[in-house]
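Novice: Structure incoming, see below.
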Amino acid sequence: MGKKLYCILQYAFLITITFPMLSSEAKQPLSLATDQTSLLSLKHTSLLLATNWTNSTSVCTWIGVTCSLRHHRVAALNLSNMALSATIPPQLGHLSFLVSLDLSNNLFYGDLPHQLSLLRRLKFISLRLNNFTGDIPPMLGQLPKLEYLSLSNNSFIGSIPKSLSNLTNLQFLELSFNSLSGEIPKEFGRLQSLQTLYIEYNHLSGAIPSAIFNISTLVVIALRDNELSGNLPTDMCRNLPFLEPLSQLF
């Protein structure tokens with residue numbers, strides 16, 4: 001009996017000591033200071049950022065940074081057209097109040113870090129006109145509020161992740177001018193808020209999923225310069241009342 005009691009007390013001691021340590025490591029409090037530290041991982045990519053992003057000024061006054069008035073956290077990061085050359089640092093995943101991320105028209109390269117899936121408030125992502133490579137990560141389908149996603153004019157390969165069909169608030173999807181292959185996911189029929197779909201100039205093959213032609217909100221479908229096959233539905237125009245002229249389909 002005494003031995004059993006000793007084991008119970010020892011186990012309780014381990015819970016008391018170990019669990020708080022794990023908890024403190026997994027749930028570090030995030031703040032504006034955290035946002036500042038996260039953004040400093042990009043500071044070396046530009047002389048302009050190196051001189052403007054300093055510890056002597058508030059992160060909310062830094063070029064390209066917008067803070068929310070309500071939470072006083074970084075809500076938007078717009079570093080477009082700045083000739084930045086780097087990989088996206090995983091530290092950006094700590095910008096937990098980020099709503100808009102625009103890194104378009106730069107020289108970013110490499111894979112997209114999986115930490116971007118932690119940015120659950122994101123509504124806008126534009127990474128177009130860069131040198132990103134590798135597969136489009138399925139984790140992008142874990143951003144429940146996303147409305148705008150542009151990954152065009154990069155060097156992404158592989159298939160289009162089916163997980164993007166989880167983005168039920170998505171209105172704009174642009175994957176054009178990459179090297180994507182395989183079929184268009186039939187699951188895209190679940191994107192019932194989608195208005196614009198650009199996936200032209202890739203190596204996509206197979207038939208166009210019929211479910212796409214049931215997305216009544218669609219205004220633009222651009223599929224040309226792929227290797228698609230099959231026939232268009234005869235009732236397409238009836239199901240897509242807002243669709244613009246079809247010159248971009250093929």
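All of the numbers you see were taken from the coordinates with simple rules; none came from a lab. It should be emphasised that the depicted structure is a prediction, and the values quoted were computed from it without experimental measurement. Reconstructed Cβ throughout: ideal geometry from the backbone, glycine too, with neighbour counts over all protein chains shown.
Novice: Restricting the stretch 28-72 to residues that are in contact with a strand residue (DSSP E or B) (Cβ under 6 Å, 6 or more places away or on another chain) and in a loop (DSSP other than H, G, I, E, B), which is nearest to F108 (Cα to Cα)?
Specialist: It comes out as G64.
Novice: Turning to a different aspect of this structure: Can you tell me which residues in the stretch 159-171 are within 17 Å of K123 (Cα to Cα), aliphatic (A, V, I, L, M) and part of a loop (DSSP other than H, G, I, E, B)? Steps first, please.
Specialist: Narrowing the stretch 159-171 to residues within 17 Å of K123 (Cα to Cα): 163-171.
If we keep only those that are aliphatic (A, V, I, L, M) as well, we get 164, 167, 170.
Of everything in the stretch 159-171, those that are within 17 Å of K123 (Cα to Cα), aliphatic (A, V, I, L, M) and part of a loop (DSSP other than H, G, I, E, B) turn out to be L167, L170.
Novice: Follow-up question, since we're still on this one. Give me a count of the residues in the stretch 39-80 that are under 19 Å from the mean Cα position of the chain (by Cα) and either crowded, with 20+ Cβ neighbours inside 10 Å or at positive phi (or both).
Specialist: Our first condition is that a residue be under 19 Å from the mean Cα position of the chain (by Cα); within the stretch 39-80, this holds for 39, 41-42, 64-66, 74-80.
Keeping just the survivors that are either crowded, with 20+ Cβ neighbours inside 10 Å or at positive phi (or both) gives 39, 42, 64-65, 74-75, 77, 79.
The number of residues fulfilling the criteria is 8.
Novice: Just to be sure before I move on: is L129 among the hydrophobic types (A, V, I, L, M, F, W, C), in contact with an Asp or Glu (Cβ under 7 Å, 6 or more places away or on another chain) and assigned to a loop (DSSP other than H, G, I, E, B) in the structure I sent? It would help to see each step written out before you state the result.
Specialist: Numbers: among the hydrophobic types (A, V, I, L, M, F, W, C): yes; in contact with an Asp or Glu (Cβ under 7 Å, 6 or more places away or on another chain): no; assigned to a loop (DSSP other than H, G, I, E, B): yes.
Spelling it out, it is not the case that L129 is among the hydrophobic types (A, V, I, L, M, F, W, C), in contact with an Asp or Glu (Cβ under 7 Å, 6 or more places away or on another chain) and assigned to a loop (DSSP other than H, G, I, E, B).
Novice: How many residues are in contact with a Ser or Thr (Cβ under 6 Å, 6 or more places away or on another chain) and part of a helix (DSSP H, G or I) if we restrict to the stretch 93-105?
Specialist: Within the stretch 93-105, residues that are in contact with a Ser or Thr (Cβ under 6 Å, 6 or more places away or on another chain) and part of a helix (DSSP H, G or I) number 1.
Novice: A follow-up question, please. Specify which of the listed residues (I221, I212) is in a strand (DSSP E or B), out of contact with any Ser or Thr (no Cβ under 8 Å at 6 or more places or on another chain) and buried (at least 20 other Cβ atoms within 10 Å of the Cβ). Show your work before the answer.
Specialist: Numbers: I212 fails: in a strand (DSSP E or B).
Of the residues listed, the single one that is in a strand (DSSP E or B), out of contact with any Ser or Thr (no Cβ under 8 Å at 6 or more places or on another chain) and buried (at least 20 other Cβ atoms within 10 Å of the Cβ) is I221.
Novice: Looking for whichever is surrounded by fewer than 18 Cβ atoms within 10 Å (Cβ to Cβ) and farther than 23 Å from G110 by Cβ here; the options are S159, S181, S165, S205. Which one fits?
Specialist: Numbers: S159 fails: farther than 23 Å from G110 by Cβ; S181 fails: farther than 23 Å from G110 by Cβ; S165 fails: surrounded by fewer than 18 Cβ atoms within 10 Å (Cβ to Cβ).
None of the other options fit; the residue is S205.
Novice: Follow-up. Can you tell which of L191, L175, L122 is touching a Phe, Trp or Tyr at 6+ places or on another chain (Cβ under 8 Å) and buried (at least 19 other Cβ atoms within 10 Å of the Cβ)? Even if it seems obvious, please write down each step before you answer.
Specialist: Details: L191 fails: touching a Phe, Trp or Tyr at 6+ places or on another chain (Cβ under 8 Å); L122 fails: touching a Phe, Trp or Tyr at 6+ places or on another chain (Cβ under 8 Å).
Exactly one residue qualifies, and that residue is L175.
Novice: Sticking with this one: So L30 ticks every box in (1) under 26 Å from L173 (Cα atoms); (2) touching a residue at least 60 places away in the same chain (Cβ under 8 Å) but one. Which box is left unticked?
Specialist: Every condition holds for L30 apart from (1).
Residue-wise test of (1) touching a residue at least 24 places away in the same chain (Cβ under 8 Å); (2) farther than 19 Å from N226 by Cβ; (3) of a type in the set (S, T, N, Q); (4) not in a loop (DSSP other than H, G, I, E, B).
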| residue | (1), (2), (3), (4) |
| --- | --- |
| L107 | yes, yes, no, no |
| R120 | yes, yes, no, no |
| I125 | yes, yes, no, yes |
| G134 | yes, yes, no, yes |
| I157 | yes, no, no, yes |
